[in-house]
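One structure is given below, encoded as C-alpha cells.
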Amino acid sequence: MGTTRVTRVRVAAAAVTLAEGGVDSPRVDAELLAAHVLGIPRTRLVLAPDLDDEASRRLDELVARRAAREPLQHLVGSAVLGPVSVTVGPGVFVPRPETELLLTEGVAALRGVAAPVVVDLCTGSGALALALAVARPDAAVWAVEADPAALGWAARNLEGSGVRLVEGDVAADDTLAELDGTVDLLVANPPYVPSDTPVSDEVGHDPARAVFAGADGLDVIRPLALTAARLVRPGGRVAVEHDESHAPEVLDLLGAAGFVDVATRTDLAGRPRIAVGTRA
C-alpha cells in the first residue's frame, strides 16, 4: 500500500514551511521528520500508513522547531557519519557531512597497517572514533575530549564499541602520554572558527567551545599539532580538519611540529578542508 494522499500533502506542506524558514533542504528534512514521527526509515516513507492525529501533532511541532532553525539532528536525536549513527543533542557538536572527508583520509592512511593504533582528538560525540573503529575492527582506537557535556554523549555512543574514551586536554603534555611515539594515525576535528565569524542558526545551537577558537581560529590547532607530533610514530599519519581559510597556516604548523609531506585535501566543492602529514 502506498503513502496516502493526506500524508503526501502533509509532507509537502511541511516542506513549504521549512523553505520559508530558510532551511537548505526543506523537502528532505520534511520527509526525515515525517519518517521519524512514524518510526521508519525515510526510504520506507512511500509505503507508510497515514499519519494519525497524534503523529500529525508531533510532526507540526517538529516542523515548527526546524523552521526556527533548530538542528534536524537534535529533533531526530541522531547524526550519521559514514557507517555509524550516533546520538546527539544540546551540549555536543553535531557531526557534519564534511567530516566524511576526514574519515576517508583516515581509513586510507591505515591501509597496509596491521592492528593500528588510532587517536581521535576533540572527539565530541565520538562519531569519528566510532566510524574508524567500525572501518578497522583490528584497530586500538582512543578518543579524547575535555568538555564534560560532550564526554557524556561520547560515553553513550562509544559504549561497547571497544573505543577507549579519555578525558583530556589536547594541549596538555601528559594527555595519552603512554602512547607517545606509537600512534599510527591521529585525526582531529577541533574548534577552528575565528571568534568574530558569523555562523548559521544551526551552528549557533552547537556549544561555542566546540566551534570557536580565538581571534584567528587557530588557538586549538596550534597546541594540537605539537601533541600530534608527540604521539605519532615516525612514518605515522595525521589528518586535521580546518577552516577553508586556514590551509597555509595549518600546513605550516604541522611542518613546524615535525611532519613532512604535508598537504591539503579538498572537499567535493573544491574547498581546502583537511591538512595531512607524515611524522618525520
Only one of (1) surrounded by 15 or more Cβ atoms within 10 Å (Cβ to Cβ); (2) out of contact with any helix residue (DSSP H, G or I) (no Cβ under 7 Å at 6 or more places or on another chain); (3) modelled with pLDDT under 95 does not apply to H205, and that is (2)
Six or more apart or on different chains, Cβ under 6 Å: which pairs go from a residue in region 37-49 that's small (G, A, S) to one that's modelled with pLDDT of 85 or more? Could you list them? A48/L38
Over 19 Å from R273 (Cβ atoms) and in a helix (DSSP H, G or I): is that true of A143 in this structure? no
Among the residues of region 148-181, how many are farther than 23 Å from R222 by Cβ and either modelled with pLDDT under 95 or more than 17 Å from the chain's Cα centre (by Cα) (or both)? 7
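Go through region 87-132 residue by residue and tally those that are outside any loop (DSSP other than H, G, I, E, B), in contact (Cβ under 8 Å) with a residue 24 or more places away in the chain and either buried (at least 24 other Cβ atoms within 10 Å of the Cβ) or within 12 Å of the chain's Cα centre (by Cα) (or both).
Count: 16.
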Does A55 satisfy the condition of being among the small types (G, A, S), buried (at least 17 other Cβ atoms within 10 Å of the Cβ), at pLDDT 90 or above and part of a helix (DSSP H, G or I)? no
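The values are calculated or read from the model by the stated rules, or taken from the named source; none is laboratory data. Quantities reported herein were computed from a predicted structural model and do not represent experimental measurements. Cβ coordinates were reconstructed from backbone atoms using ideal geometry, including for glycine residues, and neighbour counts include every protein chain displayed.
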